[in-house]
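Visitor: So that we are looking at the same thing, I have put the structure below in structure tokens.
Values quoted throughout were computed directly from the atomic coordinates according to the rules given, and no laboratory measurement underlies them. In this text, all values refer to a predicted model and were calculated from it rather than measured experimentally. Glycine gets a Cβ as well: all are built from the backbone with ideal geometry, and neighbour counts include every protein chain shown.
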Amino acid sequence: MSNLADVTGRLRKMPAETADPVSYALAVGDERVPLNDLIGKPIRFDYEGVIRCINCDRTTKKSFNQGFCYPCFRKLAACDSCIMSPEKCHYHLGTCREPEWGETHCMIEHVVYLANSSGLKVGITRGSQVPTRWIDQGAVDAIPMLRVATRHLSGLVEVACKAHVADRTNWRAMLKGDVPELDLVQERQRILSLITDDIAALREEHGQGAIREVDEQGLDLTYPVHVWPAKIKTHNLDKTPEVEGILEGIKGQYLILDTGVINIRKFAGYEVRFRVMGA
């Protein structure tokens, strides 16, 4: 059995499971290090100067789009601009980089939701990614608003919503725990009333059944944070390959150390040695 207090391998996005609080693990190579029990303990990352693409395993000097080499970044549908801007989906034009991938990831039901990470925001995700997407954004609560037939259509709905609500998280406020209380059921009704005409026009074009309002319950989420940082200082493995500090909390894809915060997802593909100091 491996010593999970000292592991070496390629970083990946932190797996998380819904619990009270959310249960996190650190993915290092083939190992999954449980993190919640490490809060209050000193940990250390040593970046070994090697980045390997999370898709093809090729060594790359620079990571693109959170863990890809440049060739994969250029060819994979998962790295296309329409992933960040789904209203620009071009599958229907026959120009998708990977049509089979598009069929399984984009041409399926998506959820348009409201979340409270640092204030009210609108977002979209595949139905299968609820509540993972909410956890990754550090939402303290979230609620489905609409279910739509495709990713493209979810993007068009999101564009309509953005005239009335933000679509981004203030990650610094999220990490400070500076999140206002919101009634998402009321906010859902408010936003739906504001986009009634937009939804009617989209249904006229794409079919009445392509967009469904839902009366689903929301989800409250708590995170394993013992100390909220008063000031946000970020660790960057490219600039400082040795990162050490006491783990004070975990939220979204961030580790909160007494020496600063580190976005683990940003450094996917980086070869590191992870240690629990004194273990």
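Visitor: How large is the dipole of the chain about the Cα centre if only Lys and Arg carry +1 and Asp and Glu carry -1, each at its Cβ, rounded to the nearest 20 debye?
Guide: 1040
Visitor: I would also like to ask the following. Applying a 10 Å radius around every beta-carbon, put 178-187, 138-147 in order of their mean neighbour count, most first.
Guide: 138-147, 178-187
Visitor: Sort the chain into rounded, prolate or oblate with this rule: let a ≥ b ≥ c be the square roots of the eigenvalues of the Cα gyration tensor; rounded if a/c is under 1.5, and if a/c is not under 1.5, prolate when a/b is larger than b/c, oblate otherwise.
Guide: It is oblate, given that a/c is not under 1.5 and a/b is not larger than b/c.
Visitor: Count charges around F267 for me, please; just the other residues with Cβ under 14 Å from its Cβ, Lys/Arg as +1, Asp/Glu as -1.
Guide: Net local charge, F267 excluded: +4.
Visitor: Quick check on the exposure proxy: order C69, C56 from fewest to most C-beta atoms within 10 angstrom.
Guide: The fewest-first ordering by Cβ neighbours comes to C56, C69.
Visitor: Next question. Provide the net charge surrounding G127, with neighbours chosen by a C-beta distance below 9 Å and charges set as Lys +1, Arg +1, Asp -1, Glu -1.
Guide: My count for the surroundings of G127 gives +1.
Visitor: Please arrange I256, I191 by how many other C-beta atoms lie within 10 Å of their C-beta, fewest to most.
Guide: On the way: I256 28, I191 20.
With the fewest neighbours first, I256, I191 line up as I191, I256.
Visitor: Next up: Report ³J(HN,Hα) in whole Hz for each residue of the range 236-252, in order, from the Karplus equation J = 6.51 cos²θ - 1.76 cosθ + 1.60 where θ = phi - 60°; Gly and Pro get x.
Guide: 10, 5, 5, 9, 10, x, 10, 10, 9, x, 7, 6, 10, x, 9, 7, x
Visitor: For the range 109-212, which chymotrypsin sites (Phe, Trp or Tyr not before Pro) pass both filters: DSSP loop (anything but H, G, I, E, B) and at most 16 other C-beta atoms within 10 Å?
Guide: none
Visitor: Using a 10 Å cut-off on Cβ atoms, rank the peptides 161-168, 268-275, 245-252 from the highest mean neighbour count down.
Guide: Numbers: 161-168: 14.5, 268-275: 20.5, 245-252: 22.0.
Highest-to-lowest ranking by the protection proxy: 245-252, 268-275, 161-168.
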